[in-house]
Structure formats: structure tokens, C-alpha cells
Amino acid sequence: MKMKSFNRKFFFFTSIGLLVLGTNRADAQKANVQKKPNIVFILADDLGHHAISINGLKYAKTPNIDAIGQGGVNFTQHYVSAPMCCASRAGILTGRYQQRFGSENHLLYPAGSAYNYDKDKQAGLNLLMLEKTDDLTAADVTYTQGIPKTETNIAELLKRNGYATAIIGKWHQGYYAGYRPHERGFDYSWGWYGGSSLYYTDSVKPGYTSFRDSLGQLHNYGGEGGKYQWRRDSLVTGIYKNGQLTDESDYTTYAIAREAVNFIDQNKDRPFFLYVPFGAIHTPLQALQKNWDKSDNIKNPQIRYVIAMLLSLDEAVGQITKKIKDDGLEDNTIIVFSGDNGATYNRFSLQFKNGKPVMGGPTTYDDQYENLNLPLKGGKMTHYEGGIRTPLLIKWPAKIKTGITYNSPISALDLYSTFAAAAGAPLPKEHQYDGVNLVDYVNGNKKGQPHPILYWRNGFVKTIRKGDYKLMINELDKTLYLYNLSNDPYEQHDLAPSLPAKVQELRKDFQDWEKGLVPPRWKSGGVNPVIVDGKVVSYQI
């Protein structure tokens, strides 16, 4: 009897001990999982370096956006890998120069899917990006546009490492099966597949206002009426929730914030990656009346619309950051704010010369014709600083001190490596990655320049920055310019004639880099000329 009693007691206490041990181990594992930081990546559209008040915007204040940099680090020389949306985002999402896997050109739109447009007036800007066939087949390149499946995008990497993942907003990396966000690593997706979408659909709606041309059409890239009829039910511009077309009645910028807040609420007990690529400040120019009214000091109506849209963007960013703080997630959440490329010239200038839109520099605009890239030269689609330099603000209270300004050149390709390192996710071994972990440099764990050399290529337009020198080659225009950005940040003084050895050195470095690239996987959308500081410049879409 005593032996039986002893056995029962031994079994009982052993079971209790194992249960406690198991519980403690489970709690420890849970705590270990929770040490992984949440990652919230907010990406604005067509927003250059100077388009937020922390970087000198004079038209308005952006306190919620600025607070991210004030609470962490502001990178003053942040470069994207392309001066246009699609290619830039391909680089950001993969951490690799997009020319390494053929995503060099802008996505081609399936015929008629982005807009209803007048085929007799296809000479307008950007219509070259529309496929010229109305009979797409399964073999058409449009079906396989996007980040190739051989690449591991950041959502796929983080999902494999225990993260809940979501994209709320603009995708622009493929329209068809296998290339849509809910099929490329995102547990939840809400947004549009193409380059832009409506902010609201009603032609006349109380509390809203839109910039229209002389024929009453929604304004897009400086075009006149008849060229664009925006749609909300198309493959490219419609709002899709996990692959299904859905209705949306809210102002799109606020709807994105709503969806982001809901995702945080549903996933706050586990590590999450939330990618929030807003549509603002891309066209169409549609604003809330309340924010339009706040901008009555701005003479240029296009800039006034964009500033009104920017105010809504700042409010939406504030809703997301407030949710993170209210839920007690702030200390261990990485919050990133950036832009995909510089501001577009034709949205911010009413100047035309010989039928070509005029893009400028610090000396070529008066008050009426200023743009949001100033004082940087050029803008979207060009390799001038106004096209490839954008804001980058990072806040991570657990790891990064407040109020840091980082002045060395860095790349948007660094975000992939930074996120992976923070999550404890090893980089895939099958590829060469072009970024660095920025936290190491910000905190002083690594010294020196993160990127002694940076490269850009859009077809016949080729650029390299090595140290302070920047070489720009346009093979179509047969032009070549060399600038020293340390004493000429606005690219006003061409040094190529006086420094032929430096030109040859940088040209050789660029040619060596090109040896590791592949041809574009789909054709270019065409060539557009603009006037920059009085000179005609061609660029490739």
C-alpha cells in the first residue's frame, strides 16, 4: 500500500513539475517570439526629399510624418534605385537592383484596363504605357510582368520567419495570377494593382474637390480632356481585397489608414509586417475641401491640390502611429516613412515650351511655377537629384536614439537587409543582395560609407555616384554630365570637360556593374522628352 501511495504521489508531483516546466518553456518561447519587432513601412507616392516639413517644405506642416524622424533618424541623402514607381518598388521589395532580375521598365497596362481613353488622342503623356493590343493571350508578357517568382520579396521572407504580413495600398508589381500581392507573401491585401487609383468616385461629392482640365476631365500628368476617364472597376485601378474587387466609399487615403489600424488591432499579439504604400500624392488630384481651404496661400492650383492631399496623408500617418502608441507597441515597432521617387514635373508646373513640359532647377522657377522638388533639379523619371532623392525616416525606440541626422548616401535597397536583420531572418543564399543593415551604421557599430558607389539605369539613361562625383549618361540624347555633389548639390556646373579622367573612371565602374545585369523582361513603355533648365532631356518609361 505504501509503495502504491508513493507511486501515486511521485506521479502526481512529477506531472505537476512537467506541466510547470512546459508552461514556463511555452511562456519563454512566447516571450522570445515577441522580442521580434513589428515593422510598419509607410511609402508615399511621388514624394521627393523636400516634400515634408522636416526636410524644408514651406507650404505646410507635416507633424505626424516629421515625428517619425524626430523620434529616430532622418536620412538626408536617401536614394531610390529608380526615378519611377514600379521599378523603384521592385528594388525596395527585393533588396536588389531591379536590373538584376529584369524589372527595369514600367509595367505595361493591359489595353483599356486602367482608363477609358480616346484612341484618337493617344499622343498624351503616359498613354504609351498602354498595351497596343486588345486581344491579350496567355503568352502575352503582360501576364508575367512583376517581380519574378525566383525572387523572395520582403513579405515572403518575413512570413517564413513567423510574421503576419499585410499590404494596404498600391501594389504595382503585377496584375495576374501568381503576381498579385495575396499570392506573393501577404496574408492580407487591400488596394489596387496598378500605378494609381481614384481617391473618391462621385463626380460631385460634398466635402471633396478635384482639379479638372478645361474639358472637365480629372487632371492627370498635365493632359487635356478626352485622354483619360478614370475608372474604379478595372484590373489596374480597382480596389481589391485579397484578390476580390470591392467597393470603397471613404476617401482612399483615410481608407488605407482605417485598414492599417484594423490590421494592427487584429495582430498586435504577434510580430507583424505592415506595408502601407499610400496613393498620395500621385494623381488624380482629388482633395478634401477642408484641406483645400487650408492652402489658400498657394497660387499654383496644382500645388494647392497636392498640398491638400499631403495634409490628408499626414493625418492618415498620424492615425497609424497613434494606434501603435495606444496599443503599447511603440517601443518595439520599427516605423519607416519614405517616398518611391521624386515629384512629377507636369503635376507641379504649368509651364510648357514647344509642346514639352518644363522641368526645372533652383534657378528656373518663380513663385508661381515652383515645384515640390526644389531646390533639387529635375523630378520623377529623371536621374537628377529631384528624381531619385526621397525622404527616409526611421523610428525604433528600442534600438535607435532620438533626433539623429544621418548624412551619408544610403539606398532604398537597404530596407530589405535592415528589416531582415531586425527580424532575425537570414538573407536567402541564392542571390546577391545590394543593401546594408542601416541600424549598424546609425548606431555606430559599422564605420565608413554604407555605399561608396550607387548605380541607376533606365534603358539609355545611365548614372553612377561614386563618392561625391555623379556621372549622368544619356545615350539617346548623346549627352554626358559630371557633377560634384559636395559643392554643387543642385547640379548646376558640369565638370565633364575639365575632368576627363574622372569621367573615364566612373564610366568604367558603371560598365563593370552592368556585367551583372539582365535585359528587361518586358518592353519599354516609350520615350518622353521634357525640358530641364532649358535643355531637352529624353527619358524612358
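The values are calculated or read from the model by the stated rules, or taken from the named source; none is laboratory data. The structure presented is a predicted model; accordingly, all values stated were derived computationally and were not measured. Virtual Cβ from ideal backbone geometry, glycine too; neighbours counted across all protein chains shown.
So how many residues does region 253-291 have that are within 23 Å of Lys322 (Cβ to Cβ) and within 17 Å of the chain's Cα centre (by Cα)?
13
Check whether at least one residue in region 493-507 is under 27 Å from the mean Cα position of the chain (by Cα), surrounded by 13 or more Cβ atoms within 10 Å (Cβ to Cβ) and not hydroxyl-bearing (Ser, Thr, Tyr), and report yes or no.
no
So which residues in region 437-463 are buried (at least 21 other Cβ atoms within 10 Å of the Cβ) and charged (D, E, K, R), if there are any at all?
Arg457, Lys462
Please give the number of the condition Ile298 fails out of (1) touching a helix residue (DSSP H, G or I) at 6+ places or on another chain (Cβ under 6 Å); (2) over 26 Å from Lys58 (Cβ atoms).
Tallying (1) touching a helix residue (DSSP H, G or I) at 6+ places or on another chain (Cβ under 6 Å); (2) over 26 Å from Lys58 (Cβ atoms), Ile298 fails exactly one: (2).
Can you tell me which residue in region 365-397 is modelled with the lowest pLDDT, limited to those that are of a type in the set (S, T, N, Q) and under 30 Å from Thr321 (Cα atoms)? Break it down stepwise before answering.
Keep residues of region 365-397 that are of a type in the set (S, T, N, Q), which gives 368, 371, 373, 382, 390.
With the extra rule that they be under 30 Å from Thr321 (Cα atoms), the set shrinks to 371, 373, 390.
Working: Asn371: 68, Asn373: 82, Thr390: 98.
Taking the candidates together, the pick is Asn371.
So, of the residues in region 86-113 that are at pLDDT below 95 and among the hydrophobic types (A, V, I, L, M, F, W, C), which turns out to be farthest from Leu427 (Cα to Cα)?
Selected residue: Ala111.
For region 129-172, name all the residues that are β-branched (Val, Ile, Thr), buried (at least 18 other Cβ atoms within 10 Å of the Cβ) and modelled with pLDDT under 95.
The one that is β-branched (Val, Ile, Thr), buried (at least 18 other Cβ atoms within 10 Å of the Cβ) and modelled with pLDDT under 95: Thr142.
Output the residue which, of all residues in region 173-189 that are within 28 Å of Glu104 (Cβ to Cβ) and in contact with a strand residue (DSSP E or B) (Cβ under 8 Å, 6 or more places away or on another chain), is surrounded by the most Cβ atoms within 10 Å (Cβ to Cβ).
Pro181
Name, by its number, the condition in (1) within 28 Å of Gly379 (Cα to Cα); (2) at pLDDT 95 or above; (3) not hydrophobic (A, V, I, L, M, F, W, C) that does not hold for Asn116.
Going through the list (1) within 28 Å of Gly379 (Cα to Cα); (2) at pLDDT 95 or above; (3) not hydrophobic (A, V, I, L, M, F, W, C), Asn116 breaks only (2).
Quick grid of which residues meet (1) buried (at least 24 other Cβ atoms within 10 Å of the Cβ); (2) over 22 Å from Val336 (Cα atoms):
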residue: Ser249; (1), (2): no, yes
residue: Asp269; (1), (2): no, no
residue: Ser295; (1), (2): no, yes
residue: Leu310; (1), (2): yes, no
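Just checking: which of the strands (runs of 3 or more DSSP E) contained wholly in region 424-541 hold 3 or more residues that are modelled with pLDDT under 95 and either closer than 19 Å to Gly91 by Cβ or not basic (Lys, Arg) (or both)?
By residue number, 527-532, 535-540.
Residues Leu218, Leu235: which one is more than 22 Å from Ile541 (Cα to Cα) and modelled with pLDDT under 95? Show your work before the answer.
Details: Leu235 fails: more than 22 Å from Ile541 (Cα to Cα).
The conditions single out Leu218.
Identify the single condition in (1) within 23 Å of Ser197 (Cα to Cα); (2) within 17 Å of the chain's Cα centre (by Cα); (3) modelled with pLDDT of 95 or more that Glu315 does not satisfy, given that it satisfies every other one.
Single failed check for Glu315: (2).
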